[in-house]
């Protein structure tokens, strides 16, 4: 029987509720700021607000066109306050990328940890990856389409963070079945898996009717034979 990728199903038809975004929204952080008198907003609350607004700004304008003046205006503070809280625009972009990478790693970790079987862990991790990419579609498209030196450096750092997370999960899965996975091999596999998943998420832009579940199954079928070969010696 020929394999095919099924079109997207509504959340109700897929048997799951719509996933919640782990990122604080601009509305959420804005409400937190409004709970304090002007000039009395705690530094960490203001910082979260600025990061949420910066994410929206980078999505709308891209790195090159996003301005600190516009960010300060949206936050209702002076530009020196932004520099004091975060630093330069490059540092701000790095924070946004790091936040995206950490949230993705946490989502994958939670999904994988919930599964007892190593092969189920891979599928659960793949599904968590694509559901996260689906929820954060606008942000991911903006980040992945940027092409300047600071952007590339920060994306490389985010990819290394995600690869380290996947390598750790691979090593844990191997250990659970009595196999010790060489750290260099685990790192290479993690980069290969992340690269394949990221490429599929880019391909997904032009094929929006494909579901996250279908992509996770495809990724699982592509990757699992190679992982089984390591498990079997």
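Laboratory data are not the source of any read-out in this text; all were calculated from the coordinates shown. For clarity, every value in this text was computed on a predicted model and none was experimentally measured. With ideal geometry, Cβ positions are generated from the backbone for all residues, glycine too; neighbour counts draw on all protein chains shown.
Residues of region 109-140 with an amide N closer than 14 Å to a point placed 7 Å from the Cα of residue 172 along the Cα-to-Cβ direction: 109-126.
Put in line by how crowded their Cβ is, counting other Cβ atoms within 10 Å and starting with the fewest, 179, 209 read 209, 179. Counting neighbouring beta carbons within 10 Å and listing from fewest to most, the residues 206, 84 come out as 206, 84.
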